[in-house]
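Accompanying notes for the structure given below.
The values are calculated or read from the model by the stated rules, or taken from the named source; none is laboratory data. In this text the structure is predicted, and so the values were computed from the model without any measurement. Note: ideal-geometry Cβ built from the backbone for every residue, glycine included; neighbour counts use all protein chains shown. Accessible surface areas use protein heavy atoms only, side chains included; no ligands, DNA or RNA. Shrake-Rupley method; radii C 1.70, N 1.55, O 1.52, S 1.80 Å.
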Amino acid sequence: MVIRAMTLKELAAAYRVSRSTMRRWLTLHADEIGRRPDGRQAYTARQVEIIYQVLDLPELETLAK
């Protein structure tokens, strides 16, 4: 599996939840994930890796898209 930078919208789609639910989940782990780089919409590949660790992997079929 290739881990890449992802936006909030892409993460929510991967986990099959709304953006507001995804935002709430990410807020719970904000200290571990860190802030998005200044001016960036997407979380870095490293941040996505951390998100996968704290929330578990989303279903694999959604990652392939």
Q.
Nearest 10 degrees is fine. How inclined is helix 45-55 to the longest principal axis of the chain, computing both from alpha carbons?
A. 70 degrees
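Using a 1.4 Å probe, what is the accessible area per residue for the chain, in Å²? Can you show the working numbers first?
Numbers: 4690 Å² over 65 residues.
So the chain comes to 72 Å² accessible per residue, rounded to a whole number.
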Q) Which value, in debye to the nearest 20, describes the size of the charge dipole of the chain about its Cα centre when Lys and Arg Cβ atoms bear +1, Asp and Glu Cβ atoms bear -1, and nothing else is charged? A) 320 debye
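Applying 1/(1 + (r/R0)^6) with R0 = 25 Å to the Cβ-Cβ distance of residue 36 and residue 59, what FRET efficiency is obtained, to the nearest 0.05?
For R0 = 25 Å, the calculated efficiency reads 0.55.
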